[in-house]
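A short write-up of the structure that comes next.
The values are calculated or read from the model by the stated rules, or taken from the named source; none is laboratory data. What you see is a predicted model, and the numbers here were worked out from it, not measured in a lab. All Cβ positions, glycine included, derive from the backbone under ideal geometry; neighbour counts span all protein chains shown. Surface areas here come from the heavy atoms of the whole protein model, side chains and all, with no ligands, DNA or RNA. Shrake-Rupley method; radii C 1.70, N 1.55, O 1.52, S 1.80 Å.
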Amino acid sequence: MLEKNQLLEAEITALTSEGIGVCRIDGMAVFVPATAVGDVIRVKIVKVLSSYAYGIIDELIVPSPDRIKVDCPVCSKCGGCDYRHISYAAECRAKAAVVEDAFRRIGGLAPVFEDFCGAADDLRYRNKAQYPLAVQDGRVVCGFYASRSHRVIPVEDCPLQPAVFSYIIADVLEYVNSKGVSVYDERSNTGILRHIYLRRGAHSGEIMLCIVVRKDISRQLGGLVKCILDKYPEVVSIVENINPDRTNVILGKCCITLFGSDTITDVMCGNRVKISPLSFYQVNTVQAERMYEKAREYAAPSENSVIADLYCGAGTIGLSMANSAGRIVGVEIVPEAVENAKRNAAANGIGNAQFYCGDAGEVFDRLRIQGCSPNVIVLDPPRKGCSEATLTTVCKAAPQRIVMISCNPATAARDARLLAGRGYDVERVCGFDLFPRTKHVETVVLMSRVDR
């Protein structure tokens with residue numbers, strides 16, 4: 001039996017879906033963070049449970065060939081990157097294994113696993129960043145929360161974000177420090193500044209700066225607006241978002257435009273889209289376009305196709321198929337996203353797409369009863385997966401094909417297994433890396449109705 005504080009030698013043989021290394025000692029699995037497959041380590045046991053244990057590296061005896069030099073000075077503190085210590089090729093292999101393991105082990109399924117689709121670039125790919133603020137050593141700083149905490153780790157430049165973000169952040173901090181603007185304290189619900197929030201159009205280059213505050217201080221921000229506009233012509237929107245609530249949720253419902261438009265414009269799959277502070281928009285635009293192209297390939301739309309896009313967000317998936325389909329019907333529970341979807345359709349002259357607000361299962365069931373009979377249903381659920389009601393309604397509609405886009409391979413495999421038991425063949429699965437250097441992985445799944 002392992003004991004706490006033991007020092008033992010072991011080799012890392014696998015990675016979990018969280019990117020944590022696994023070794024086996026005396027038949028027991030020991031989980032060791034910041035390791036790579038092939039590492040030979042001296043591990044210090046820090047916690048022992050009935051069937052597994054946790055450890056930390058005491059000494060790296062033989063490094064894995066997958067290891068690389070970490071290129072971020074705060075990586076170990078920030079907790080945002082899980083794979084920064086291994087090569088990107090090794091990361092893609094690990095993520096492909098996570099996807100395949102989920103469908104084989106959780107789903108009990110044996111589809112064709114297509115080649116994993118890694119990103120063309122694992123640096124500077126994010127089009128959005130939300131920076132919490134804190135006061136440290138008497139000055140306002142911003143960065144990211146340390147793992148499993150609300151302790152801010154100051155970050156001068158994150159290699160996942162566009163370089164221009166770090167320059168803008170530095171100027172915002174200089175301004176708020178010079179003006180003595182207070183920082184929000186979530187424990188006492190006092191102070192003003194909560195977050196600095198940036199969005200950038202990957203194709204357009206347009207930037208939105210959003211200052212998240214507890215109460216309106218727009219009059220105090222006039223100098224900041226001028227400072228930013230003088231230095232950054234690509235900033236076309238500056239917005240104040242007011243969130244007065246005692247909550248961990250970043251954005252409030254009220255936005256005040258301080259300069260320019262209340263949105264920025266970008267291009268997604270050939271369609272111009274407008275993005276507000278409250279819009280959902282994939283943070284890796286280029287890779288999302290590749291993923292949506294795979295979804296389109298699986299959906300195989302034709303001029304007579306009716307495609308139901310459930311959990312449709314701002315409609316980007318359905319709209320990417322609209323020029324090849326007869327009709328697109330989108331359902332989304334977030335009202336702002338539905339309005340964005342409608343505006344995006346109108347802006348691109350797409351007249352064959354309708355969007356409805358409400359629970360995906362409930363609204364689509366009403367549409368089905370009213371005669372909506374889609375050939376293809378596209379599902380893009382949240383991490384928790386599809387609701388039982390939604391899956392039941394999907395099966396009642398009996399589309400020829402179901403295409404699922406999931407940010408959680410485990411829940412995707414679970415939902416695919418249920419659909420497989422209700423008359424669908426889970427044919428193909430393709431993993432996509434939209435979040436290089438992090439543990440997250442996306443999956444596109446094709447299911448076809450089995451005619452009996």
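Tally up the carbon and sulfur contribution to the accessible surface of the range 124-273 as a whole percent, 1.4 Å probe, everything protein left in place.
The computed percentage sits at 48.
Which of rounded, prolate, oblate describes the range 33-79, given a ≥ b ≥ c as roots of the alpha-carbon gyration tensor eigenvalues and a/c under 1.5 marking rounded, otherwise prolate only if a/b is larger than b/c?
Because a/c hits 1.5 or more and a/b fails to exceed b/c, the range 33-79 counts as oblate.
Given the whole protein assembly as supplied and a 1.4 Å probe, what does the accessible area of residue 268 come to in Å², nearest 10?
Using a 1.4 Å probe on the heavy atoms, I get roughly 0 Å².
Once the Cβ-Cβ distance between residue 249 and residue 5 is put in as r, and R0 is 41 Å, what FRET efficiency do you end up with, to the nearest 0.05?
Given R0 = 41 Å and the Cβ-Cβ separation, E is 0.50.
Quick check for you: with a 1.4 Å probe and neighbouring chains kept, what is the accessible area per residue of the chain, in Å²?
44 Å²
So how much slack lies between residue 392 and residue 182, counting 0.36 nm per residue of separation and subtracting their Cα-Cα distance, in nm?
Length difference between fully extended and current span is 70.6 nm.
Could you give the distance between the Cα centres of the range 59-94 and the range 146-165, to the whole Å?
Using only Cα atoms to place each centre, the spacing works out to 17 Å.
Let me check something: with ligands and nucleic acids excluded, how do 82, 71, 157 order by accessible area (1.4 Å probe), largest to smallest?
Ranked from most to least accessible, the order is 71, 157, 82.
Pairs of alpha-carbon atoms within less than 8 angstrom and 6+ residues apart define the contacts here; what relative contact order does the range 279-388 have, in percent?
29 percent
What label, among (i) 36, 35, 18; (ii) 57, 25, 20; (iii) 36, 26, 22, belongs to semi-axes √(5λ) of the Cα gyration tensor in Å computed from the structure on display?
The calculated read-out lines up with (i).
Just want to confirm a number: the relative contact order over the chain, from Cα pairs under 8 angstrom separated by 6+ residues, in percent.
So the answer I get is 13 percent.
I need the calculated FRET efficiency for the pair residue 230 and residue 369, taking r as the beta carbon distance and R₀ as 45 Å, to the nearest 0.05.
Details: r = 58 Å, r/R0 = 1.28.
Plugging the Cβ-Cβ distance into 1/(1 + (r/R0)^6) gives 0.20.
Given the rule -39500 (n - 2.57) for each run of at least 4 DSSP H residues, summed and divided by the residues of the chain, what is its mean residue ellipticity at 222 nm, to the nearest 500 deg cm²/dmol? The partial results should precede the final answer.
Values: 10 runs with 111 residues, N = 452.
After summing the helix terms and dividing by residue count, I get -7500 deg cm²/dmol.
Could you tell me what percent of the accessible area of the range 321-452 is made up of carbon and sulfur, with a 1.4 Å probe and every protein chain present? Let's see the in-between values first.
Details: 2480 of 5130 Å².
Of all accessible area on the range 321-452, carbon and sulfur atoms account for 48 percent.
Given the Cα-Cα distance of residue 139 and residue 267 and 0.36 nm per residue of separation, how much length would full extension add, in nm?
Going from the current span to full extension adds 42.2 nm.
Please list the three semi-axes, largest first and in whole Å, of the ellipsoid equivalent to the range 1-51, using sqrt of 5 times the eigenvalues of its alpha carbon gyration tensor.
Details: eigenvalues 56, 28, 18 Å².
Those come to 17, 12, 10 Å.
Mind giving me the nanometre distance, one decimal, between the label points for residue 104 and residue 170, set 7 Å out from Cα along Cα→Cβ?
For residue 104 paired with residue 170, the spin-label model returns 4.9 nm.
Would you work out if the range 319-362 is rounded, prolate or oblate? Take a ≥ b ≥ c from the square roots of the eigenvalues of the alpha-carbon gyration tensor; rounded if a/c is under 1.5, else prolate when a/b is larger than b/c, oblate otherwise. Spell out each step's value before the answer.
On the way: a/c = 2.94, a/b = 1.46, b/c = 2.01.
Oblate.
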